[in-house]
Amino acid sequence: MTSELNNGLLAPADATGEWEQIAWRIGVEVAAPAADDVDRLARFPAEAVEAIRSEKLLSALLPKEFDGGGASLVDMVAAVRALATHCASSALVLAMHCIEVYNIARHGHTDGLRALARDISADGLLLANANSEIGIGGDVGRSICALDRTTTPWTLEKQALAISYGENADVVLATARRDPDAAETDQVFIAARRGDFDLEPTSEWDTLGLRGTCSRSFRLTVRVDPELVFPVPFSDIANDGSGQARQLLLSAVWVGLAEAAAAKAHAYVRAAARRSIGTTPPSAIRVAEIAADLEEGRSLLVAQALRFGYLESRSDLQNAGFTMALRNLKVSTSTLGVRTSTAALGICGISGYKRDSEYSLDRIIRDAHGGLIMVSNDRYLGDNAQLLLARKQI
Ligand SMILES: Cc1cc2nc3c(=O)[nH]c(=O)nc-3n(C[C@H](O)[C@H](O)[C@H](O)COP(=O)(O)OP(=O)(O)OC[C@H]3O[C@@H](n4cnc5c(N)ncnc54)[C@H](O)[C@@H]3O)c2cc1C
């Protein structure tokens with residue numbers, strides 16, 4: 001645990017872990033310079049993803065037996081946080097891809113899925129997800145669509161609510177009911193390689209923030225390869241690793257965004273102090289306040305990431321207390337992103353309000369609000385409220 005702490009997550013502002021350092025460098029050299037253009041045009045952050053691919057971050061989470069990088073989830077949480085400080089959309093692409101890589105590594109025990117894992121390493125395949133569905137919203141434990149095994153090949157048609165970077169993905173993973181007679185919660189999980197799926201956009205992606213994720217709605221049609229159907233129910237995948245990895249990787253984005261906002265406020269106040277040596281700018285105390293708030297968010301992320309590693313090693317990821325703590329992590333870090341960016345605006349004033357200023361908080365504030373709805377905080381608080389009624393401990 002000490003080495004993990006020293007390996008990047010102890011002081012997230014300094015990128016010290018191996019994968020985190022790579023992500024930080026991509027952030028500085030590639031993602032940050034393109035971030036405003038990506039945001040303005042609501043376009044895929046192609047240059048950042050290309051750098052991520054060439055630096056082998058796409059296969060970092062795969063074990064060595066699949067020619068992957070052998071990184072832990074803690075390593076990737078740190079890498080996502082580092083990238084998010086520079087461009088939240090690029091970091092979200094990496095985070096969402098890593099969730100699916102984790103699923104394949106942990107639950108992909110078919111020859112087809114193992115071959116897919118090796119191809120992710122060899123070809124730097126980019127993985128997208130189509131779990132949410134029109135009519136279901138954020139409740140991905142249910143599906144309306146169903147796998148049809150009466151056709152040759154098997155088929156799946158899904159009205160996907162959002163598939164981030166679907167048009168740029170090499171593989172799409174999707175939930176569906178096991179068959180047309182199955183209950184909404186009796187779901188399978190399917191991977192489809194490019195060539196085996198069609199995407200017909202059914203919406204645009206002209207949003208307040210996180211515009212580079214290009215998360216349009218699509219009509220998804222899959223010609224299903226039985227070898228790419230996960231051999232366990234989706235509920236097992238979600239409860240045993242996927243849901244937990246998702247909360248950690250996405251929370252890393254919200255912490256990274258808060259750090260980006262705090263960094264602007266900090267730089268602004270330091271510049272003000274340099275202009276009148278010997279005085280403390282009035283808003284310096286607000287920066288100290290932000291720093292304390294940020295420290296809470298960082299500590300929560302570190303604690304839960306390390307707890308993940310510990311529980312994973314004891315095959316106890318489904319621990320109810322941990323599930324509750326991860327929902328709290330998501331609620332806390334996403335509200336931290338909004339709170340810190342708004343506070344930073346108060347500190348930077350008109351310089352933060354202007355779009356063409358080096359202290360501009362425009363993109364960061366808009367991106368941070370995406371954290372609140374991806375997935376709805378009320379949904380998580382509602383789940384925890386129910387769990388707390390049944391549990392003796394809080
Ligand atoms: C940037 C971005 C990228 C995304 N990328 C993908 C992707 O790649 N793949 C994918 O499958 N999905 C993706 N999504 C969708 C996302 O995962 C959620 O499914 C979606 O944002 C939920 O949509 P919603 O707000 O309409 O639905 P809901 O979560 O259903 O929320 C709608 C409203 O109902 C309320 N509500 C719902 N349930 C409860 C409850 N139990 N208790 C209290 N209140 C409740 C909420 O507070 C909210 O007011 C993305 C979303 C965003 C913002």
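The values are calculated or read from the model by the stated rules, or taken from the named source; none is laboratory data. Just so you know, these numbers come straight off a predicted model, no measurement behind them. A quick note on method: Cβ atoms are made from the backbone with ideal geometry, for glycine too, and the neighbour counts reach across all protein chains shown. For the accessible areas, the whole protein counts, side chains as well, though only heavy atoms, and no ligand, DNA or RNA atoms are used. Shrake-Rupley method; radii C 1.70, N 1.55, O 1.52, S 1.80 Å.
Candidates are the residues of region 101-122 that are of a type in the set (V, I, T) and out of contact with any Pro (no Cβ under 8 Å at 6 or more places or on another chain); the one that is nearest to the ligand (Cβ to nearest atom) is V101. Checking G135, G112 one by one, the residue that is open to solvent by 10 Å² or more (accessible area, probe 1.4 Å), at positive phi and over 22 Å from the mean Cα position of the chain (by Cα) is G135 and no other.
Within region 161-210, the set of residues being of a type in the set (G, A, S) and either within 22 Å of Y102 (Cα to Cα) or touching a residue at least 12 places away in the same chain (Cβ under 8 Å) (or both) comprises A162, S164, G166, A169, A174, A176, A182, A191, A192, S203, G209.
Among the residues in region 55-62, are any out of contact with any Lys or Arg (no Cβ under 7 Å at 6 or more places or on another chain), closer than 22 Å to R246 by Cβ and among the acidic types (D, E)? No. Among the residues of region 245-284, those that are within 25 Å of L62 (Cβ to Cβ) and open to solvent by less than 10 Å² (accessible area, probe 1.4 Å) comprise A245, L248, L249, L250, S251, A252, V253, V255, G256. For region 14-35, the criterion of being at pLDDT below 50 and open to solvent by 20 Å² or more (accessible area, probe 1.4 Å) is met by none of the residues. Residues that are away from the ligand (no atom under 16 Å from the Cβ) and either assigned by TED's automatic domain parsing to the domain that holds S376 or outside any helix (DSSP H, G or I) (or both) occur at least once in region 85-100.
When A162, A169 are checked against the criterion of being aliphatic (A, V, I, L, M), within 17 Å of the chain's Cα centre (by Cα) and more than 15 Å from R194 (Cα to Cα), A162 stands alone in meeting it. If the condition is being of a type outside the set (A, V, I, L, M) and part of a helix (DSSP H, G or I), then region 101-122 contributes Y102, N103, R106, H107, D111, G112, R114, R118, D119, S121. So the check is Cβ under 6 Å with 6+ separation or different chains; which pairs have a first residue in region 53-66 that's touching a residue at least 24 places away in the same chain (Cβ under 8 Å) and a second one that's of a type in the set (S, T, N, Q) and surrounded by fewer than 23 Cβ atoms within 10 Å (Cβ to Cβ)? Taking only residues 6 or more apart or on different chains, the pairs are S59/S121; L62/S121; F66/S121. When L83, L61 are checked against the criterion of being at pLDDT 95 or above and either open to solvent by less than 10 Å² (accessible area, probe 1.4 Å) or of a type in the set (S, T, N, Q) (or both), L83 stands alone in meeting it.
Look at region 366-388: where a residue is in the same structural domain as A252 (by TED's automatic domain parsing) and within 6 Å of the ligand (Cβ to nearest atom) and a partner is of a type outside the set (G, A, S) and not in a helix (DSSP H, G or I), sitting 6+ places away or on another chain with Cβ atoms under 9 Å, you get G370/T207; G370/L208; G370/L210; M374/L210; V375/D139; V375/V140; R379/D139.
Among the residues that make up region 354-363, is at least one of them under 30 Å from Q244 (Cβ atoms) and either touching a Gly at 6+ places or on another chain (Cβ under 8 Å) or within 14 Å of the ligand (Cβ to nearest atom) (or both)? Among the residues of region 354-363, at least one is under 30 Å from Q244 (Cβ atoms) and either touching a Gly at 6+ places or on another chain (Cβ under 8 Å) or within 14 Å of the ligand (Cβ to nearest atom) (or both), which makes the answer yes.
For (1) assigned by TED's automatic domain parsing to the domain that holds A162; (2) more than 23 Å from G166 (Cβ to Cβ); (3) outside any strand (DSSP E or B); (4) aliphatic (A, V, I, L, M), each residue gets a yes or a no:
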position	(1), (2), (3), (4)
R223	yes, no, no, no
L249	no, no, yes, yes
A260	no, yes, yes, yes
A263	no, yes, yes, yes
A267	no, yes, yes, yes
A271	no, yes, yes, yes
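Residue count for region 166-221, restricted to those that are more than 15 Å from the ligand (Cβ to nearest atom) and open to solvent by less than 10 Å² (accessible area, probe 1.4 Å): 1. For region 123-159, what are the residues that are under 24 Å from D240 (Cβ atoms), part of a strand (DSSP E or B) and within 13 Å of the ligand (Cβ to nearest atom)? Passing the criteria: L127, A128, N129, A130, E133, G137, K158.
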